[in-house]
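Taken together, the values in this text are just the output of simple stated rules run on the coordinates, not laboratory data. All values derive from a computational prediction rather than experimental measurement.
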């Protein structure tokens, strides 16, 4: 069985709805989830707006797929990407797909890939429609990747009062802790994170300016946290509990 970091991934990029400036950080993020065995990017390469992509294709070994826009109002790029994705899916050679686009047209594709038992990692701007985000196992907002080059996360961290006022965030965390906790109310941080990822594919602590989930939870001041020794005593694990308990 493949672990997450050894997954064989197919990376499919919609050039019309992705930013060339984040290519390096995008591929570094993808490497956290597995190996990009296929990297393809789709667009009409005769169009001047895609010129900035061209110099990156050789550098990062991304295969450009040409799609002419013969019919006004019809997106040939989307159709070609979807057809290729299904062809790759049927080969049975991949463990997951990375779909790079902010376009809701890929919602059904993501759902179909997941029905086949494969992972789907989505990458797009914060304007990406909710249904596409929800159709993925995990969705990473590309603004987070762009900001990694501009400033340290600490410079854009949301303060305690803003985090506490984010009802959706607080309820998501509390529900995760309740689902993963023992009779005393304590929960191991790892299953809490897994629950959150399943309930909210677009969740990422970096969206709030924190690199790790534990840092974000600590910043809310709503939860008790403690580090415990596990196994032979040489390893440590973080446990968390809702302070209301």
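Brief remarks follow.
- For the chain: relative contact order, % (alpha-carbon pairs under 8 angstrom, 6 or more apart): 15 percent
- What the Cα atoms of the range 153-242 give is an Rg and a Dmax of 13.1, 40 Å.
- Within a Gaussian network of the chain (alpha carbon springs, distance under 10 Å), most fluctuating of 144, 170, 192: 170
- When the alpha-carbon atoms of the chain are used, the pair Rg, Dmax equals 19.9, 65 angstrom.
- Available extension along the chain between residue 212 and residue 32 is 63.4 nm, counting 0.36 nm per residue and deducting the alpha carbon span.
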